[in-house]
Amino acid sequence: MRMFARIALAAVTAVGLATAAPALRAQELRIMWYSDGNEGDVIRDLLDRFEKQNAGVKINLDRVPYKSILEQLPALLDSGQGPDLARVTDLGGLSRHYLDIAPYVANAAYWTENFGGVLPWTRPAGQTSGIHGLMTQLTLTLPFVNATLFEQAGVPIPAEGATWADWAKAARLVAEKVKAPIPIAMDRSGHRVGGFAISMGAKLFNGDQPALVDDGFKAAAKTLFDWHRDGTMPRTIWGAVGGTAYRGANEEFANGQVVLYVSGTWQIPQFAKTIGSGFDWHAVANPCGPGGCTGMPGGAALVPIKTTKQPQLVGRLLDWLASEPIYAEYHARTLFLPAHVGLAKKGIAFQTDVAQARKSLEIATAQVAKTSPIAFRYQGYANNRAMFNATISRLNQAIAGEMSLDEAYKRMDADVAEALAAKK
């Protein structure tokens, strides 16, 4: 009898384990994540906390280079082999793959109230409602200045309201006096060129249709072309890669080689770590042109993927990360601008002892309100990636001498038209 009981108990236990194993696997999520600074460590810490609060949940954080997000993730999503969530910057271009988590959050009105301005950025084309992602950082393109080089050169830093021409003249003078190799560097990115182009008068749209090349855009492209010819900008940044590949100059700036670096707020936490107080650096207000003084808004979002087998858990996780105390902690520790309206009004107690980082965050916060409506529209346009890619690939070819600027303009418009036709 005892033997029978032991056999029966073993059988029941085996059945229990067999049914429990799939349940445990069913509570497992995978996130594809890239980092600019320390946010990978911060999100992992928060995910560990979520796991402790939710027994049986396991969240795998796959940390990958940003290049993998740009080049590998789209193919994974198209093949149906994507993760449950991913951190992306091509907010609209990949939106057809995003899951609407509105049915799975505790209070959709909270999201609308606090994230209403950015929710449209992740919505699939044609949709005017739903929650398709959580902004993990709100960014703005703007320049960073090596103030130490200006001081060593005895050249005053241009004040807010200075033009791009003013900054180029000052940066060249500083570089000449202190023998710095790079007066101005700009990320090899169509997004970065976007803010510069708008400040030079680009409209980018004709009614509801994209219209990349106009007189303002040509003025911006010609300026960048000329700067590469006269040495204001180095060929080692844009000329180092081809096609639509991204190339930043953050390492060159951190090494004290760049006088003025046109990038964005995502560099602040990285510079706080890599430069610290090694030299005096900080963000500056966006230079001005005929179209105003503006950068490009943007950011990265943690988006839920339609192919997930656990939509409820995905929604619960994002709802928890979006809650005010968790969202505030994440941004305080990562030194990112929040996309949460309530927290933006209250202010974030950024956790940094680096004076340059704190000053840069203050300047960036003030610049957000001065950003052109065209820039917000450009960032929210679902097909902006086609325009970004056409800008960077064809302008680079002109800079490299492979075609004239006029030919580059024609190819840009053709590239955009072909990309839109392919999507249709």
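None of the figures in this text is laboratory data; all of them are computed from the coordinates on show. The structure displayed is predicted, hence computed values, not measured ones. A quick note on method: Cβ atoms are made from the backbone with ideal geometry, for glycine too, and the neighbour counts reach across all protein chains shown.
Observations on the structure shown:
- Short-range pairs are left out: with C-alpha atoms under 8 Å and at least six residues apart, the relative contact order of the chain is 24 percent.
- A straight line joining the Cα centroids of region 164-191 and region 28-98 runs 36 Å.
- Principal axis extents of the C-alpha atoms in the chain (largest first, rounded to whole Å): 96, 50, 38.
- Sequence-distant residues sharing a close amide H with Ala339 (under 5 Å, placed H): Leu138
- Charge dipole (region 165-268, unit charges on Cβ, about Cα centre) - positive-most of Ala221, Pro181, Met233: Pro181
- Extension gain (nm, one decimal) between Gln72 and Ala109, 0.36 nm per residue minus Cα-Cα: 9.9 nm
- Trypsin sites (Lys or Arg not before Pro) restricted to region 292-326 and DSSP loop, no more than 16 other C-beta within 10 Å: Lys306, Lys309
- Bridge type composition, the chain - antiparallel percent by DSSP, nearest 5: 65 percent
- In this calculation the C-beta distance from Arg44 to Lys306 is compared with R0 = 25 Å, giving a FRET efficiency of 0.50.
- Coil-residue trypsin sites (Lys or Arg not before Pro) of region 317-407, DSSP, other Cβ within 10 Å capped at 15: Lys370
- Relative frequency of Cα-Cα separations exceeding 16 Å in region 209-279, percent: 62 percent
- For region 267-309, fraction of C-alpha pairs farther apart than 11 Å, in %: 78 percent
- For the pair region 310-388 / region 251-278, the C-alpha centres are spaced 20 Å from each other.
- Among Asp406, Asp214, Asp36, residue whose mean-square fluctuation peaks in a GNM of the chain (springs only between Cα atoms under 10 Å): Asp406
- Helix-only mean residue ellipticity at 222 nm for the chain, each DSSP H run of n ≥ 4 adding -39500 (n - 2.57), per residue, nearest 500: -15000 deg cm²/dmol
- Computed over region 226-359, the percent of Cα pairs more than 23 Å apart is 52.
- Extension gain, Lys345 back to Leu420 (0.36 nm per residue minus Cα-Cα distance, nm): 23.1 nm
- Between Glu407 and Asn383, residue separation times 0.36 nm minus the direct Cα-Cα distance comes to 6.4 nm.
- Spin-label proximity, Glu160 to region 337-364 - amide N less than 13 Å from point 7 Å beyond Cα toward beta carbon: 360-364
- Using the Cβ-Cβ distance between Asp230 and Ala55 with R0 set to 60 Å, the FRET efficiency works out to roughly 0.40.
- Kirkwood Rh (inverse of mean 1/r, distinct Cα pairs), region 306-408, angstrom: 17.6 Å
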